[in-house]
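Visitor: One structure is given below, represented as structure tokens, and several questions about it will come after.
The values are calculated or read from the model by the stated rules, or taken from the named source; none is laboratory data. For clarity, every value in this text was computed on a predicted model and none was experimentally measured. In this analysis, Cβ positions are derived from the backbone assuming ideal geometry, glycine residues included, and neighbour counts consider all displayed protein chains.
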Amino acid sequence: MTTFLYLQRFADGESAVMPFDVLLSILARHGKPGRGAHDTEITFANGLAAGATLIGGRTGGALCVGFERPRFDAPLRALVWECMRELGCVAFDDALEMVYAPLHGATSLSPAFISACANGVRRVDSVQQLWPDLLETRLPEVVPPGLSYANGLQLFDEGNVTSKEVTIDLAIRPEACNSATLRVLRNLTARVDAVMAANPGYQPFYRFVHDDSAQLFLASAQLGPLAHSATMDSPGPGLSTHRPGFASAREVHAGAQAEQARLVAFVHDKYQLALDGSGASITALSALLDKLHAWYVLERARQPAGSAFSSPTVASWALRAGYYLGCVLASQVGGQWGAVTRGERRLAVVRTHRGRICHPHLQVLDHIINGAHDSVARWYAQLAVSDASACARADDIASRIPNLCALLPASGDDALPLAAQLARGQLDYSVASLRHLDAWLALLRQQGAAIPAHERERVIDAAGAYLGEVVRCNTPDRGQWQWMNYDDMVRAYPAFARQRPRARGFMAFLDSVEHTTYPLATVSTLLADARAESLHDYARKLLPQAADDRAGPLEPGQIEEWAADATMALALDQVRNAIMKWRRYAKPEEYPAMCADNPGWMGNDSLAEIYRRQHLLLEKGMVVWASLVQANNALFAEGPHDMPALLAYSLERHFEARPQALHRIAQELVSYKGKEMPPALQHIGQFLASEQQRAQDLALPHMLTRRRVMVSSFLAIRKHIPDDVMKGAWFPLLTHPDTLCLMIAPHKFWPPELVNAWKSGAML
């Protein structure tokens, strides 16, 4: 997504002028100003942003500055804070997910603008409040595709060298559209037009998240004629495209509880104050933060005038007290810990059961820096009224999902019935792990009435929570599903009470825009009836693309003893024969037609070498089976990009009739991802953890197979795959000893049976 960060001053809800020379001098200290096609453009050598456009001039003043693809780190923080302090401007991103206004001085934002801000307008009085590092996690940087032209490199969100299409995604909300911000986008289109002139044949696309924004852009004043046509895409009249939002996260919940405990112990030891997790305790916490604010004001006064003071003590308090505040909010008002993504950063947040996204860490930070103006006590009291859950605290299963999942491996007094019979070490939230849960539930079902009703309810809650988390965590967009309580659903949709009874199996469930599904009810039914759908089958129906469907740990000798599949052996021979026949009769010009073109935006990535070595592989490469280990999720859906991925392959004849054995090895490797790797696999583990690193012919250790199997990175070229989408777990591969490059054999050479198996999902 092409993010823009805008700096703009407002008066009576409208854009107001800023001193042009003052703003330009600030920008010049961080970048190099120059004259663009229409307005002043600033380039940055330090990666602060892809560039910036300054709207306005010395005569009429500056109206706005827009940073394209800003990097939310310390240099940008210093620049933005200086502009806010000197010019009284507001800083906001195009999606209005982060909006900062000066604490002192009127900002005069319009009511429509304020109401559209997803997280409200934060009034800031310190540079430390702008995207604080300790409270936000930076995501791995992904280098977007780009095309060169006379003024440098223009970045895009998607690029397809085959069709020569490049796309820019624009998330700007209609409330953020005004003559100045839209002029920033008009400058963008002028730059892209220049790029098209330097790269003949390419077609630009602008894809708007909000249709109203697209209409406002089209109605805005043009800066001049464009030499090349462009296509504007939008979701339809008055509509907006769905974007990933909040996703509950067990790891955030666990971290919050740990930090909450540390704060409680610290406050008790230092201040002899008991924070008991109740709503009333927030008043005591607020009094502590008042004292910290007073200390902060004194500490800040000792700093040189105009310095960008940032206090480590304040950051530490914001972290721990923020977790405490969020835990009280989740348990007493009703909500779940999780995360949202904002640009390149990930924030831990609480989502109330009424759907509000709350930022407790930032609220604590603002209280310490701004004082009583942003009191956490007042903030919590307002939420306790506006967002209180409709269900009794004891019935709030949705807020306790991580704790319920933790009951499955629990021991001692917390142990569930027949806990010793449950393969607790296999509960890794994979789809395959549900087979172990099914076996355990079968044992419980045999016990019948011997299990007390209250213990049966604990089993339903714990196993249902785990089942729901398996579904949620194996869905590409984890935010697609949200946990919901029965009573909260009935309050929002009274008709729901006529559709489902208020029974244990329906007290909490997973809800999405399109579907509602009931994992607790599924467990309850299976406990009562052996003929009921298994948990494994239930998950597979909801997750047709689930790849982690394995029967348990890889056993010694399993790969060596794998049964041959004559159908797969025949298919591989047919691919080989088709390629050999084509080689005998192919004309020289047919080779380029079979090859994919280098898009030019992969830069120094070693995988770009494949575009030079395709001819060699097509002319002389040998055909073997390979299995996918992992790939970017985008490869499993239609899209313009060729995508990097990781595969396992072998030159041994043993695998010619056993590609499924390679797939089994790939599953075993993926099962270690995110876990501590055995020493023998550590040379491969780093490539599983980071998709940016490129593995090249790494041999598997004998702990997995005595056969010689290699793991290697490759580029999945879409034009070589049926339907341009990765729909199979294994595929024919071209390899040659003169290159480390690997290439999927073009599907032109596949027999029809293999193509059909791929398209139908039979090779998953």
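Visitor: Got at least one residue in the stretch 240-256 being without any contact (Cβ under 8 Å) to a residue 12 or more places away in the chain, closer than 30 Å to P360 by Cα and either in contact with a strand residue (DSSP E or B) (Cβ under 6 Å, 6 or more places away or on another chain) or not β-branched (V, I, T) (or both)? Outline the logic, then answer.
Guide: Step one: filter the stretch 240-256 for residues without any contact (Cβ under 8 Å) to a residue 12 or more places away in the chain, giving 251.
Applying the additional criterion that residues be closer than 30 Å to P360 by Cα yields 251.
The next check asks that each one be either in contact with a strand residue (DSSP E or B) (Cβ under 6 Å, 6 or more places away or on another chain) or not β-branched (V, I, T) (or both); those that pass are 251.
Within the stretch 240-256, one or more residues are without any contact (Cβ under 8 Å) to a residue 12 or more places away in the chain, closer than 30 Å to P360 by Cα and either in contact with a strand residue (DSSP E or B) (Cβ under 6 Å, 6 or more places away or on another chain) or not β-branched (V, I, T) (or both).
Visitor: I'm trying to understand the selection: among the residues of the stretch 169-184, which are in a helix (DSSP H, G or I) and either among the β-branched types (V, I, T) or more than 26 Å from the chain's Cα centre (by Cα) (or both)?
Guide: Taking the stretch 169-184 and keeping what is in a helix (DSSP H, G or I), we get 174-176, 179-184.
Selection gives S179, A180, T181, L182, R183, V184.
Visitor: Within the stretch 445-459, can you find the residues that are within 24 Å of A508 (Cβ to Cβ), out of contact with any helix residue (DSSP H, G or I) (no Cβ under 6 Å at 6 or more places or on another chain) and surrounded by 13 or more Cβ atoms within 10 Å (Cβ to Cβ)? Please lay out each step first, then the result.
Guide: Step one: of the stretch 445-459, the residues within 24 Å of A508 (Cβ to Cβ) are 445, 451-459.
So of that shortlist, the ones also out of contact with any helix residue (DSSP H, G or I) (no Cβ under 6 Å at 6 or more places or on another chain) come out as 451-456, 458-459.
Within the stretch 445-459, I451, E455, R456, R458, V459 meet the criteria.
Visitor: Filter the stretch 501-515 for residues that are free of Cβ contacts under 8 Å to residues at least 60 places away in the same chain and assigned to a loop (DSSP other than H, G, I, E, B) and give the result.
Guide: Across the stretch 501-515, the qualifying residues are P501, R502, A503, S512, E514, H515.
Visitor: In addition: Going through the stretch 465-500 one residue at a time, which ones are part of a loop (DSSP other than H, G, I, E, B) and not polar (S, T, N, Q)?
Guide: P476, D477, W481, Y493, P494, A495, R500
Visitor: For the stretch 607-624, how many residues are more than 20 Å from M643 (Cβ to Cβ) and out of contact with any Asp or Glu (no Cβ under 7 Å at 6 or more places or on another chain)?
Guide: Count: 8.
Visitor: If you scan the stretch 292-346, which residues turn out to be aliphatic (A, V, I, L, M) and either within 30 Å of R393 (Cα to Cα) or modelled with pLDDT under 90 (or both)? Explain how you work it out, then say what you get.
Guide: Just the residues of the stretch 292-346 that are aliphatic (A, V, I, L, M), to begin with: 292, 294, 297-298, 301, 305, 308, 314-315, 318-319, 321, 325, 328-330, 333, 339-340.
Scanning the stretch 292-346 gives A305, A308, A318, L319, A321, L325, V328, L329, A330, V333, A339, V340.
Visitor: Please go through the stretch 695-708 and pick out each residue that is more than 13 Å from V629 (Cβ to Cβ) and touching a residue at least 24 places away in the same chain (Cβ under 8 Å).
Guide: Q696, D697, M703, T705, R706, R707, R708
Visitor: A further question follows. Determine whether the stretch 619-633 contains at least one residue that is more than 23 Å from L698 (Cβ to Cβ) and either more than 29 Å from the chain's Cα centre (by Cα) or assigned by TED's automatic domain parsing to the domain that holds V142 (or both).
Guide: yes
Visitor: A further question on this structure: Go over the candidates G355, G338, G371 one by one and state the one that is within 25 Å of K291 (Cβ to Cβ) and either assigned by TED's automatic domain parsing to the domain that holds L289 or not hydrophobic (A, V, I, L, M, F, W, C) (or both).
Guide: Of G355, G338, G371, the one residue that is within 25 Å of K291 (Cβ to Cβ) and either assigned by TED's automatic domain parsing to the domain that holds L289 or not hydrophobic (A, V, I, L, M, F, W, C) (or both) is G371.
Visitor: Quickly run through the stretch 583-601 and pick out the residues that are of a type outside the set (K, R) and either touching a residue at least 24 places away in the same chain (Cβ under 8 Å) or more than 27 Å from N199 (Cβ to Cβ) (or both).
Guide: So in the stretch 583-601, the residues of a type outside the set (K, R) come out as 585-586, 588-601.
Those that are of a type outside the set (K, R) and either touching a residue at least 24 places away in the same chain (Cβ under 8 Å) or more than 27 Å from N199 (Cβ to Cβ) (or both): Y585, A586, Y591, M594, A596, D597, N598, P599, G600, W601.
Visitor: Let me ask something else. List the strands (runs of 3 or more DSSP E) inside the stretch 109-168, counting only whole elements, that have at least 1 residues being out of contact with any Phe, Trp or Tyr (no Cβ under 9 Å at 6 or more places or on another chain) and not small (G, A, S).
Guide: Fully inside the stretch 109-168 and qualifying: 136-138, 146-149, 152-155, 158-160.
Visitor: Kindly list the number of the only condition in (1) surrounded by fewer than 19 Cβ atoms within 10 Å (Cβ to Cβ); (2) closer than 30 Å to Q480 by Cα that fails for A247.
Guide: Condition not satisfied by A247: (1).
Yes/no per residue for (1) aliphatic (A, V, I, L, M); (2) in contact (Cβ under 8 Å) with a residue 60 or more places away in the chain; (3) at negative phi:
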{"site": "A294", "(1), (2), (3)": "yes, no, yes"}
{"site": "R300", "(1), (2), (3)": "no, yes, yes"}
{"site": "S307", "(1), (2), (3)": "no, no, yes"}
{"site": "Q336", "(1), (2), (3)": "no, yes, yes"}
{"site": "T341", "(1), (2), (3)": "no, yes, yes"}
{"site": "V349", "(1), (2), (3)": "yes, yes, yes"}
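Visitor: Give the residue that is nearest to P360 (Cα to Cα), with candidates limited to residues of the stretch 269-326 that are assigned to a helix (DSSP H, G or I) and of a type in the set (K, R).
Guide: R320
Visitor: Follow-up question, since we're still on this one. When you scan the stretch 629-658, how many residues do you find that are without any contact (Cβ under 8 Å) to a residue 40 or more places away in the chain and in contact with a Leu (Cβ under 7 Å, 6 or more places away or on another chain)?
Guide: Going through the stretch 629-658 one residue at a time, the tally reaches 0.
Yes or no, residue by residue, for (1) surrounded by 19 or more Cβ atoms within 10 Å (Cβ to Cβ); (2) in the same structural domain as A287 (by TED's automatic domain parsing); (3) among the hydrophobic types (A, V, I, L, M, F, W, C); (4) in a loop (DSSP other than H, G, I, E, B):
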{"residue": "S399", "(1), (2), (3), (4)": "yes, no, no, no"}
{"residue": "P402", "(1), (2), (3), (4)": "yes, no, no, no"}
{"residue": "G425", "(1), (2), (3), (4)": "no, no, no, no"}
{"residue": "S430", "(1), (2), (3), (4)": "yes, no, no, yes"}
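Visitor: Which of the residues belonging to the stretch 134-163 are surrounded by fewer than 16 Cβ atoms within 10 Å (Cβ to Cβ) and either on the phi > 0 side of the Ramachandran plot or out of contact with any Leu (no Cβ under 9 Å at 6 or more places or on another chain) (or both)?
Guide: R138, L139, P140, E141, V142, S148, A150, G152, T162, S163
Visitor: If I go through the stretch 309-334 residue by residue, how many of them are touching a residue at least 60 places away in the same chain (Cβ under 8 Å), in contact with a strand residue (DSSP E or B) (Cβ under 7 Å, 6 or more places away or on another chain) and within 12 Å of Q260 (Cβ to Cβ)?
Guide: 2
Visitor: Enumerate the pairs (first residue in the stretch 174-199 and in the same structural domain as D212 (by TED's automatic domain parsing); second residue anywhere and assigned to a helix (DSSP H, G or I) and of a type in the set (V, I, T)) with beta-carbon separation below 9 Å, excluding pairs fewer than 6 apart on the same chain, so at least 6 apart or on different chains.
Guide: E175/I114
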